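What follows is calculated from the coordinates using simple rules that are stated; it is not laboratory data. Bear in mind that the values here come from a model prediction, so they are computed numbers and not experimental data. We place every Cβ from the backbone using ideal geometry, glycine too, and count neighbours over all the protein chains shown.
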Amino acid sequence: MDDAPPPAPFGSAAFGNVPEYSVAEISGAIKQTLESTFGRIRVRGEITEFKRYSSGHLYFSLKDEGGKISGVVWRGSVSRLGLAPENGLEIIATGRISAYGERSSYQLIVEKMEYAGEGALLARIERLRLRLTEEGLFDRARKKRIPRLPKIIGVVTSLQGAVLHDIRTTIARRFPRHLLIWPVAVQGEGAAAQITAAIQGFSRLGVPGPGATLPRPDVLIVARGGGSLEDLMAFNDESVLRAVAACPIPVISAVGHETDTTLIDYVSDIRAPTPTAAAELAVPVRDELLADLAHRSARMSNALTRIGQTACLRLDRAASGLPDLPSLLDTARMRLDDRAHRLELALPALLERRRAALMVAERHMPAPGAIIAERQSRLALRAAALDAAATASGRAAEARLGRTRLSPAPLLALCRERQARLTGLGGQLESVSPRAVLERGYVLVRDAAGEPVTRAAKLSGGDRVTLVFADGDKAARIEGRKETSQGHLDL
């Protein structure tokens, strides 16, 4: 052991047989190893860190309880994914592993996505159902009534399969109507977009505009046959549900079998368990309508007959209760003749009685001359009494005036006092008179209405005014305004 050579130092020729690689060679080798080893694989995980860039590429990560791997969907593969990715969605991604040497990382290039089992699908459907319920898309108040007998029925379904045949034969058997068929894919990639476009296309039919040749259907049937939950996912798509909610045409959903339930059943106006049942809900049975119409017609005829018979009986009873019209006329004519005869006899007798009463009254009336003489004598007596009373009143007034007559001197003094007082009041009145102000050189300005103008701001150029002087009035017109140095206005 003591004769063993010492270890070679680091970097000596002992490591000369270890191959040397560049960084690019190592990155390329790793990338080739990953791509050749794994090839096309399927990875199950939950989507996190989802981002959609303006370039159209999608970046995200797939994680589970043991790890996380980056993923990318190139823009050209987005339309072929099969579902709309979002955070929290558990999926199975199909693609290939590739390395990115510039960052020493690897990633999964995804070409297709599918839901990871029914549990993930049901969870996604439940989240969408709760959100649309909160928005009120499933409220019964939004439901529209299905017309009793539509003229045109629109059908959104696939041309393959027995669904369209069942709808056609059922409608032809019950009550033949015009059908407008919009063929769509009912499952797989792009099915939801086609169904949405069909519903929106039916909604735009009948709107005035260029190319509006087809009438709008009275009712719309969205149908497909049975299938797995994945097959029916197109009818759980949010765009389809919102198109049905916004559709002005009543919608009947008939998706799957009776036990299948999709979200379109909640948002449609009525749900049919099968496509055949949808056709039965859309149109009634013609034979039943004809039988019902015949039954109602018979009932109406019988009712009209009974009404006519009852009216005839009532008329007969009323006629039997009425008196004989000729006898009524004869009685009235006899009464009229009797009244006329009695009137002829009564009028001369009345005139004779009035004449006798007038003669009796005339005999009791006094002579007009006596009445006039009496009135004249009564008037003369009252005139004499009035003259005597006037004479006595004059004498009494003269006596009172003689007793209260004043001497001339006090009377003159009283007159002078009253005159001086009147002169003082006149002076006071003159001092406050507007005329005295005008005598001192002032002028009163009145506007066209005769109202005094106290502010120059009330007048404008061209206004007519009246200038009132002490000795008369003059008409004038305002030429303009000018502020003087003392603050006055020159007009």
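Quick look at the values:
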quantity	calculated
0 to 90° range, to nearest 10: angle between helix 23-38 axis and the chain longest Cα axis	90 degrees
Sequence-distant lysines (8 or more away, or on other chains) whose Cα lies within less than 19 Å of Lys51	Lys63, Lys68, Lys112
Average Cα contact separation per residue, the chain, under 8 Å, 6 or more apart, as relative contact order %	8 percent
Vicinal HN-Hα couplings computed from phi for segment 58-64 (Karplus, 6.51 cos²θ - 1.76 cosθ + 1.60; Hz; Gly/Pro x)	10, 10, 6, 10, 10, 9, 9
Helix-only CD estimate at 222 nm, as mean residue ellipticity for the chain, using -39500 (n - 2.57) per DSSP H run (n ≥ 4)	-15500 deg cm²/dmol
For Gly227, distant residues with modelled amide H under 5 Å away	His257
Charge dipole (debye, nearest 20) of segment 23-115; +1 at Cβ of Lys and Arg, -1 at Cβ of Asp and Glu	260 debye
Integer Hz, Karplus 6.51/-1.76/1.60 couplings in order for segment 126-143, x for Gly and Pro	5, 4, 5, 4, 5, 5, 6, 5, 4, 6, x, 6, 9, 5, 5, 5, 7, 5
Under 5 Å, built H, 5+ apart or other chain: amide partners of Lys112	Thr94
Spatial separation of Cα centroids for segment 320-359 and segment 17-62, in angstrom	131 Å
Å³ per residue enclosed by the Cα convex hull of the chain	837 Å³
³J(HN,Hα) computed for each position of segment 330-336 - Karplus, 6.51 cos²θ - 1.76 cosθ + 1.60, integer Hz, glycine/proline x	5, 4, 5, 5, 5, 5, 5
Ranked list, fewest to most other Cβ atoms within 10 Å of each Cβ, for Ile199, Ile171	Ile171, Ile199
Selection of trypsin sites (Lys or Arg not before Pro), segment 64-143, meeting DSSP coil and at most 15 other Cβ within 10 Å	Arg80, Lys143
Largest-first principal axis extents of the Cα set of segment 260-302 (Å)	50, 17, 11
Computed Rg/Rh of segment 23-115, alpha carbon atoms with Kirkwood Rh	0.97
Nonlocal amide H pairs with Leu180, under 5 Å, H built at 1.01 Å	Ile153, Gly154, Val155
Rounded to 10°, Cα long-axis angle of helix 368-403 versus longest principal axis of the chain	90 degrees
Radius 15 Å from Cβ of Gly450, net charge of other residues (Lys, Arg +1; Asp, Glu -1)	0
Given the chain, longest segment not containing exposed loop GluC sites (Glu not before Pro) (DSSP; at most 13 other Cβ within 10 Å)	259-478
